[in-house]
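Have a look at the structure below, then the notes.
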Amino acid sequence: MSLLTGFLVPLGLSAAKRIRKFVGVIQNRRQLHELSHWDRHALKDIGLTPSDLVGALSLPLHRDPSEHLAQMSGRSPRASLEEYLRESRQTLVSQGKAQPASYPSGRPALSA
């Protein structure tokens with residue numbers, strides 16, 4: 001019985017980890033779709049273009065689009081795109097170029 005348990009526990013943990021990662025990828029895709037509603041100037045302010053979004057959304061379903069965008073923006077794949085977007089938004093607000101309410105959502109754009 002312990003042999004079976006010794007096999008099933010790591011298998012279950014691995015499956016749970018993969019499911020959690022897939023749920024995160026789906027959440028990032030939803031938030032990326034929300035970014036697609038931003039106008040070209042707002043996207044330019046955060047260092048993205050509409051074609052960047054299209055390219056990230058055209059990746060296979062199991063690939064995380066935030067990692068793709070992080071690589072395109074020259075940031076480390078480990079760097080959170082959410083942090084990048086939050087910093088960009090704060091910079092724009094502090095420079096008086098944007099109001100926090102002018103963006104479609106007050107939530108962070110993507111999560112890692």
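Quick notes on this structure:
- Taken along the Cα-to-beta-carbon direction at a fixed 7 Å, the label points for S51 and M72 span 1.0 nm.
- Potential extension, A16-R30 segment - 0.36 nm per residue separation minus Cα distance: 2.9 nm
- Counted by Cβ distance under 9 Å from V25, the other residues give a net charge of +2, where Lys and Arg count +1 and Asp and Glu count -1.
Every number in this text was worked out from the coordinates using simple rules, so none of it is lab data. Just so you know, these numbers come straight off a predicted model, no measurement behind them. Cβ coordinates were reconstructed from backbone atoms using ideal geometry, including for glycine residues, and neighbour counts include every protein chain displayed.
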